[in-house]
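Every number here is computed from the coordinates shown, using simple stated rules; none is lab data. Computed from a predicted model, the values in this text were never measured in an experiment. In this analysis, Cβ positions are derived from the backbone assuming ideal geometry, glycine residues included, and neighbour counts consider all displayed protein chains.
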Amino acid sequence: MGINDKMFEKENVSKLLFKFSIPSIIAMLVNELYNMVDTVFVGRAIGGNAIGALVVVFPIQRIVAAISMMLAIGSSTFVARRNGAKDYKGISNVIKNGKHWYLL
């Protein structure tokens, strides 16, 4: 058992949650910055109609990203639980199901 394994046993859950959520928060902020800069460039290059199209597409993009994150987080949780139970066939099934959902 390494030092990283003991971290989950000894540290406060809220502190760990904050610590592990920082990369996700940074990724979301960078994505938002990208969308804002993209909107400015499209508006200057193409015009107002293009910004209207972006306003329609951005919520769809967010829904797709949210569903993808939901499937990824759920799958990783199931894999971790199956790994803890030493159920390697169950891990294989979770990965197969994840691949099928990805293809949809």
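Annotations
- Conditions (1) surrounded by fewer than 10 Cβ atoms within 10 Å (Cβ to Cβ); (2) over 30 Å from G90 (Cβ atoms); number of the one not met by I51: (1)
- Pick from segment 80-104, criterion part of a helix (DSSP H, G or I) and of a type in the set (A, V, I, L, M, F, W, C), ranking: farthest from S21 (Cα to Cα): L103
- Answer from S75, S21 - the residue that is closer than 26 Å to W101 by Cβ, of a type in the set (S, T, Y) and in contact with a helix residue (DSSP H, G or I) (Cβ under 6 Å, 6 or more places away or on another chain): S75
- In segment 56-94, the residues that are surrounded by 10 or more Cβ atoms within 10 Å (Cβ to Cβ), β-branched (V, I, T) and either touching a Leu at 6+ places or on another chain (Cβ under 8 Å) or more than 23 Å from A27 (Cβ to Cβ) (or both): I91, V94
- Long-range neighbours under 9 Å by Cβ, at least six apart or interchain, first residue part of a helix (DSSP H, G or I) within segment 67-79, second among the small types (G, A, S) and exposed (fewer than 12 other Cβ atoms within 10 Å of the Cβ): M69/S24
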